[in-house]
1. Report yes if C:Asp142 is within 7 Å of chain A (Cβ to nearest Cβ), within 29 Å of C:Leu41 (Cα to Cα) and of a type in the set (Asp, Glu), otherwise no.
2. One residue is enough: does segment C:49-60 have a residue meeting the conditions in contact with a Phe, Trp or Tyr (Cβ under 6 Å, 6 or more places away or on another chain), free of Cβ contacts under 8 Å to residues at least 60 places away in the same chain and either at the interface with chain A (Cβ under 7 Å from one of its Cβ atoms) or in a helix (DSSP H, G or I) (or both)?
3. If a residue must be in a helix (DSSP H, G or I) and more than 8 Å from chain A (Cβ to nearest Cβ), how many such residues does segment C:66-83 contain?
4. Scan segment A:150-164 and give yes if some residue there is modelled with pLDDT under 95, surrounded by fewer than 23 Cβ atoms within 10 Å (Cβ to Cβ), not in a helix (DSSP H, G or I) and not assigned by TED's automatic domain parsing to the domain that holds A:Ile22, otherwise no.
5. Residues A:Ala164, A:Ala116, A:Ala87, A:Ala92: which one is at the interface with chain C (Cβ under 7 Å from one of its Cβ atoms), over 19 Å from C:Gly110 (Cβ atoms) and not aromatic (Phe, Trp, Tyr)?
6. If a residue has to be in a helix (DSSP H, G or I) and surrounded by 24 or more Cβ atoms within 10 Å (Cβ to Cβ) to count, how many in segment C:25-42 make the cut?
7. C:Phe45 passes all but one of (1) among the aromatic types (Phe, Trp, Tyr); (2) more than 7 Å from chain A (Cβ to nearest Cβ); (3) touching a residue at least 40 places away in the same chain (Cβ under 8 Å); (4) assigned to a helix (DSSP H, G or I); which number fails?
8. Given the conditions (1) closer than 14 Å to A:Tyr39 by Cβ; (2) in contact with a Cys (Cβ under 9 Å, 6 or more places away or on another chain), report the number of the one that C:Phe135 does not fulfil.
Amino acid sequence: MNTQKNKYMNPYVAGFLLGLLIIAAYFFAGEGLGSSGGYRDVAIGVINGVSPEYAQANSYTAPHVAAGHAPTHTWLVYELFGVIFGAILSAALYGRLKFVIGKAPHITNKKRLYLALIGGLLWGIGTQLGRGCTSGLVLSGMAVNSLSGYIGLVAIFGFGFIFAFIFKSLWIKKN
Amino acid sequence: MKRREFLIMALLLLGGIIAIFMSDIKPLKHIIGPKQLLHEVNKKGRYISTDEVAKMIMEKDPTLLLIDVRSPEEYKKYTLDGAINIPAEKIMDDSNKDYFDSDVYTVVLFSNGSSLADQSWLRLRSYDYKGNKVMKGGLNEWYRTILNPQKPAGDAMSGKMEKQFLFRKGAQVYFTGATPVAGGAKKAKPAPTGKPIVKRKKKEVTGGCG
Amino acid sequence: MGPLYPQELLNPEYNLLIGALIGIGFGFLLEASGFTNTRKLAGIFYGYDATVIKVFFTAALTGLIGLFILHNMGWIDITLTFYPKTFWIPTLIGGIIMALGFVIGGFCPGTSLSAAVTGKVDAMAFIGGVLLGIFGFIFTYDGLWQSLRTSGKMGKVNIAQWIGIKEGLFIFLFTIIAIVTFVVFQKWQDSWKRKMDDSDIDDLGL
């Protein structure tokens, strides 16, 4: 028994339960699971809070602020609140609730944080352009057989392997 | 492979096999919920006035697509210049999809009054077709305002009303060939013979080998 | 019967509450299956950890088969749900940008949130990046992105109909592809395990 190793749920069981959650989300709310949509709603909420005039004028944010309710009062934002509690609950149960920086050992903390920031930046742009992230676009899209979900799958994972080959040194130490 | 993993795999495989024998999910068009539909019905944004339609016809606006939703018999007797005939009960037919699906046309539905065109609009809207218009008052209004415009009563004719009247007089000349002096409407132009050729919207670029 | 909310069978407050509950399940499963560990996520691309593909494909398949059967039994009408419209050009380009972000940043938006709130500092930096990216996108949308984002419009496209086969057959084929993928990735992962000694495995921090 290796004590250093983290304990995780069986991936197939977790996937199966996650699939049932997708069904539940579609059954109750008519929505798929999503993440980037919630981030977007929060960002639009901030812009609307600072300058409602700008939010009205920008053609990307305008439909969201015209919805008749606060731009953050959406299903996806509430779902993200749930994600926060769910993740903390699980981490507490498995005893993983502590501050760490996840990285390959040969990468410095500073470098890892910069890379995470840049990676996030790319996701911010990519999700808005591509209409969703791995959960909203790909997972939920695939669950209803939408072509967009499969395009997203091929783009994110297919090109992921290409980029992973180029940036191998970020994750795997050279021998 | 652990037993529960095997169980899940077997379950998914069984589901996949069952799925083969099930039918496809057909109407892909999103259907608008009753609440939103009601909201939009009350908004009146779908209406376009006979004056606006007349102006677009006279300017030969290439984006205008007039659709007569009355019966073919009525259509043959009289219709607007360049209008095509899609009877209200056939409006959701697959063959007509291209007219409503495009972002290119300003689709204007009309009937004798407003109600038949309104019904058609509602059916289209409930299947998420956006941007279609209804000619307010229909052909009756068309006759009253364009083919046979009456001078507004009294001396209290505001500038705006006068302008509108002059426009209508001009439109009357355009559509009926009436001389400006001979006030009343002459016989309307006969309906165009046969179905006007309407260019179908070009198919959108599809991905990959589509 | 379903979906309940779009047919007004569920009032808006309960709908949001259910959203939060589903979110709790989502967050729990992400954390419990190890998606908050950036090295586990990166493992999919190098083959030393197959968790991501297992969870991901199992979830997609379960959802796909479940929704399809429920639809056919008349329990849920998928046509009334959020059905993503396909804009193939921006989705492809956006997806490639996301792929780059995935490899460089080591997270995706959902996993980063779970990771950040459970104390992963790198995930907090990642979320800061995501929000900056979204702000940047919004501020430059009208001049830079608008025409690209709305290009390649195909409407609501079902992949089976697009290919031209029966939907059920597509689902079956996808099930087979997924199971083959599981086996391949498991073999890949096992080959890593054989190559490495115990200290190397600990080094991966899985």
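The values are calculated or read from the model by the stated rules, or taken from the named source; none is laboratory data. For clarity, every value in this text was computed on a predicted model and none was experimentally measured. Ideal geometry is used to build each Cβ from the backbone, glycine not excepted, and the neighbour counts take in all protein chains shown.
1. Numbers: within 7 Å of chain A (Cβ to nearest Cβ): yes; within 29 Å of C:Leu41 (Cα to Cα): no; of a type in the set (Asp, Glu): yes.
Against the criterion (within 7 Å of chain A (Cβ to nearest Cβ), within 29 Å of C:Leu41 (Cα to Cα) and of a type in the set (Asp, Glu)), C:Asp142 does not qualify.
2. no
3. Here is the first cut: in segment C:66-83, the ones in a helix (DSSP H, G or I) are C:66-72, C:78-80.
Add one more test, that the residue is more than 8 Å from chain A (Cβ to nearest Cβ), and what stays is C:69, C:71-72, C:79.
The qualifying residues number 4.
4. No: segment A:150-164 contains no residue that is modelled with pLDDT under 95, surrounded by fewer than 23 Cβ atoms within 10 Å (Cβ to Cβ), not in a helix (DSSP H, G or I) and not assigned by TED's automatic domain parsing to the domain that holds A:Ile22.
5. Details: A:Ala116 fails: over 19 Å from C:Gly110 (Cβ atoms); A:Ala87 fails: over 19 Å from C:Gly110 (Cβ atoms); A:Ala92 fails: at the interface with chain C (Cβ under 7 Å from one of its Cβ atoms).
Residue meeting the stated conditions: A:Ala164.
6. Within segment C:25-42, the subset in a helix (DSSP H, G or I) is C:25-32, C:38-42.
Going one step further and asking which of them are surrounded by 24 or more Cβ atoms within 10 Å (Cβ to Cβ), we end up with C:26-32, C:38, C:40-42.
Of the residues in segment C:25-42, 11 are in a helix (DSSP H, G or I) and surrounded by 24 or more Cβ atoms within 10 Å (Cβ to Cβ).
7. It fails just one condition, (2).
8. (2)
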